[in-house]
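Just so it is clear, none of the values below were taken in a lab; they were calculated from the coordinates. Please read these numbers as outputs of a predicted model, since none were measured by experiment. Note that each Cβ is placed from the backbone with ideal geometry, even for glycine, and that neighbours are counted across all protein chains shown.
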């Protein structure tokens with residue numbers, strides 16, 4: 001295994017529309033309506049790219065929000081610059097399987113064609129069935145958006161590439177105090193998104209959508225991904241939702257404040273306010289004390305219950 005390479009899930013057009021063409025012609029790419037050669041417009045820092053091209057995106061896509069622009073520009077920079085030679089991409093074929101490939105060229109522009117911002121890829125002789133993936137990898141590969149970082153599943157992916165896979169759930173964050181709670185709350189994030197309308201938060205907010213698809217889960221920022229980014233039904237408020245995931249109280253409070261600062265600076269439209277919400281399994285005095293000093297972050301607990309039915 002190459003220890004210095006990274007791993008990404010790449011969608012080949014909406015609902016894998018261009019999957020067959022990309023596979024036959026050995027490339028992947030993106031568009032987002034930005035019709036210009038980016039060869040000399042790709043700084044190392046994606047935030048610098050976003051600062052310049054968010055408005056280009058908004059001009060090319062009238063009616064889109066700054067949230068949508070930030071997401072699109074971040075993914076475009078990842079495709080064009082963030083993904084390196086030798087990195088591995090998994091691309092769904094639209095039939096329940098994933099092709100795996102190794103990135104084999106730098107960025108090139110192919111104007112007048114679908115997904116014109118492209119990279120060449122050498123497809124590997126392996127097809128990964130979605131049904132064979134661990135639930136954690138399936139969730140990561142199924143996240144909304146063209147690009148998904150799946151580096152935390154390196155061991156499982158390399159197992160598939162080598163012909164065997166031994167999925168495992170491991171908490172690698174050094175701030176995690178309780179790996180068991182981390183595992184449970186990682187599943188809770190997916191459950192919350194899928195059942196959002198039936199939750200207390202779902203009464204006032206919707207998970208952010210882009211072109212009718214949920215795009216607010218693991219929304220990227222320059223200090224890490226937001227667990228869930230939501231918007232009030234009247235469009236006047238953005239909500240940053242962070243699950244504690246077994247982390248130290250001070251760490252999760254600092255993290256959500258950084259995320260909220262990013263949303264205020266980069267995503268909020270004029271007149272929009274930003275609030276935060278931390279969700280945890282157990283009551284936490286330290287967390288409550290930390291939040292006493294702020295009026296725009298709320299604390300929610302969740303309860304897990306099971307019912308056994310005799311067959």
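Angle check, please: helix 179-194 long axis (alpha carbons) against the longest principal axis of the chain (alpha carbons), in degrees 0 to 90, nearest 10. Helix 179-194 sits roughly 80 degrees off the main axis of the chain.
Provide the percentage of antiparallel DSSP beta bridges, counting only those with both residues in the chain; round to the nearest 5.
Antiparallel bridges: around 65 percent, rounded to the nearest 5.
For the stretch 7-162, calculate the relative contact order in percent as a whole number, restricting contacts to Cα pairs under 8 Å that are 6 or more residues apart.
Contact order relative to length: 31 percent.
Working from label points 7 Å from Cα in the Cα-to-Cβ sense, the residue 199 to residue 285 distance is 2.8 nm. Between 47, 119, 301, the residue with the greatest mean-square fluctuation in the GNM of the chain (Cα pairs under 10 Å linked by springs) is 301.
Comparing 94, 212, 31 in a Gaussian network model of the chain where C-alpha atoms under 10 Å apart are linked, the largest mean-square fluctuation is found at 212. Relative to the longest principal axis of the Cα atoms of the chain, the long axis of helix 66-77 lies at roughly 40 degrees. Listed by Cβ neighbour count within 10 Å, with the fewest neighbours leading, 117, 26, 153 appear as 26, 117, 153. The angle between the Cα long axis of helix 249-262 and the main principal axis of the chain comes to about 60°, on a 0 to 90 degree scale. Taking the fewest neighbouring Cβ atoms within 10 Å as the starting point, the ordered list for 113, 23 is 113, 23. Using just its DSSP H runs of length 4 or more, each adding -39500 (n - 2.57), the chain gives a mean residue ellipticity at 222 nm of -8500 deg cm²/dmol after division by all residues. Please compute the contact order of the chain in relative form: average sequence separation of alpha-carbon pairs under 8 Å and at least six residues apart, divided by the residue count, as a percent. Once normalised by length, the contact order is 14 percent. Once mean projected area of the Cα convex hull in nm² is calculated for the structure shown, the corresponding label among (1) 18.0; (2) 15.9; (3) 14.7 turns out to be (1). Each of 264, 75, 102 has some number of other Cβ atoms within 10 Å of its Cβ, and from fewest to most they run 264, 102, 75.
Relative to the present Cα-Cα distance, how much length would full extension add between residue 106 and residue 36 at 0.36 nm per residue of separation?
23.6 nm
Between residue 162 and residue 294, residue separation times 0.36 nm minus the direct Cα-Cα distance comes to 42.5 nm.
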